[in-house]
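Working notes, structure below.
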Amino acid sequence: MLSLEFFQEYKKKSFQLLEIAEGSRVLDVGCGTGADAPQLGQLTGETGIVLASDRSLALIRDALHQPDVPTALRLAVADGRSLPFPDGRFDAVRVDRTLQHVPCFEQAIGEMARVTAPCGVVVAIEPDWETLLVDSDDHATTRTVAQTLRAAIQNCWIGRSLFRHFTHAGLSDVEVYPETFTTTDLGTANEVFMIERTLRDCVQQHLLAEPIAARWFAELSERNATNQFFGSLTLYMVRGRKR
């Protein structure tokens, strides 16, 4: 997904919203393999700090071997719901498509606000899986697939609730920027929307008969072959400021 222009562009926008300058202290929560660290490191410069945290030790180890690791990068194994950092430690804190998978994600937002310095910025980017759209004439099967996908995601509506939770965490000047991903390629949609995997889940859970599932996917494939496929999903980028 990181090779897609949409994801590259919204990440750039999220970096701009962080208001990072030379010497800034930045925390990237749920960093995964640290793919965003090089760009963040370029913004903070050698005098700044980019602290990339993830609860997975394996992913943190992978981050150490990423190309172009900035000198400003620091790594930490940490659960976003209980960050091991003092109050007001960072000038900017971000999380990107991670909170959708975190139980009690409200705690993580509260922790992100806590470790942000006064006048600092918190940015979160999360999808709202209720906005998932796939064009098909079989409306019933499409709804079943979408509902099954949403049921497999811990916080499938988190995108729409970020504004409320940022406000509840005491952040001010909260702004919301919707970013809609669209694709006319079934292969891309399959990767981003997990279509085939979810379709298999539907069959295994006896929500769809296998012939119906196969017919639905065949329709999508036919539309893709004639350049008529369409799918979309909206993500919400939200920024708040620490008082």
Q: Taking only protein heavy atoms into account and a 1.4 Å probe, give the accessible area per residue of segment 89-243 in Å².
A: 47
(Q) So if I take the centroid of the Cα atoms in segment 84-162 and the same for segment 201-243, what is the distance between those two points in Å? (A) 19
Q. Hey, if you put +1 on the Cβ of every Lys and Arg and -1 on every Asp and Glu Cβ in the chain, which of Ile153, Phe229, His206 ends up farthest toward the positive end of that dipole?
A. Ile153
Q: List the residues of segment 81-114 whose backbone N lies under 12 Å from a point placed 7 Å from the Cα of Leu4 along the Cα-to-Cβ direction.
A: none
Q: Determine the dipole magnitude for segment 1-67: charges of +1 sit on the beta-carbon of Lys and Arg, -1 on that of Asp and Glu, nothing else is charged, the reference point is the Cα centre, and the result goes in debye to the nearest 20.
A: 140
Q.
In segment 40-62, whose amide N lies under 15 Å from the spot 7 Å out along Cα-to-Cβ of Ser82? List them in ranges.
A. 55-56
Q.
If each residue of separation counts as 0.36 nm, what is the full-extension length gain between Arg74 and Gln39 once their alpha-carbon separation is subtracted?
A. 11.2 nm
**Q.** Shape metrics for segment 46-104, restricted to C-alpha atoms - Rg then Dmax, Å
**A.** 12.3, 35
**Q.** Residues in segment 217-243 that a label on Glu175 would reach, taking backbone N under 15 Å of a point 7 Å out along Cα→Cβ
**A.** 237-242
Q) How many Å³ per residue does the convex hull of the Cα positions in the chain occupy? A) 124
Q: Any chance you could look up the accessible area of Lys242 with a 1.4 Å probe, heavy atoms only, rounded to 10 Å²?
A: 50
Q.
How long are the semi-axes of the equivalent ellipsoid of segment 121-243, taking √(5λ) for every eigenvalue λ of the Cα gyration tensor, in whole Å from largest down?
A. 33, 16, 9
Q: Have a look at Gly34, Ile20, Thr44 and report the one farthest towards the positive end of the charge dipole of segment 1-74, computed about the Cα centre with Cβ charges (Lys/Arg +1, Asp/Glu -1).
A: Gly34
Q) In the chain, what % of DSSP beta bridges are antiparallel (nearest 5)? A) 50
Q: Quick one: dipole size for segment 176-218, taken about the Cα centre, charges +1 on Lys/Arg Cβ and -1 on Asp/Glu Cβ, in debye to the nearest 20.
A: 160
Q. Could you list log10 I(q)/I(0) for segment 1-125 at q = 0.14, 0.17, 0.23 Å⁻¹, which the Debye formula gives when each Cα is one point scatterer?
A. -0.53, -0.81, -1.56
**Q.** Charge dipole (debye, nearest 20) of the chain; +1 at Cβ of Lys and Arg, -1 at Cβ of Asp and Glu
**A.** 760
Q: Keeping the other protein chains in place, figure out the carbon and sulfur percent of the accessible area of the chain, with a 1.4 Å probe.
A: 51
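The values are calculated or read from the model by the stated rules, or taken from the named source; none is laboratory data. This is a predicted model, so every value here is computed, not measured. For neighbour counting, all protein chains shown are included, and Cβ atoms are generated from backbone atoms with ideal geometry for every residue, glycine included. The protein model used for the area step is the full one, side chains on, heavy atoms only, and it has no ligands, DNA or RNA in it. Shrake-Rupley method; radii C 1.70, N 1.55, O 1.52, S 1.80 Å.
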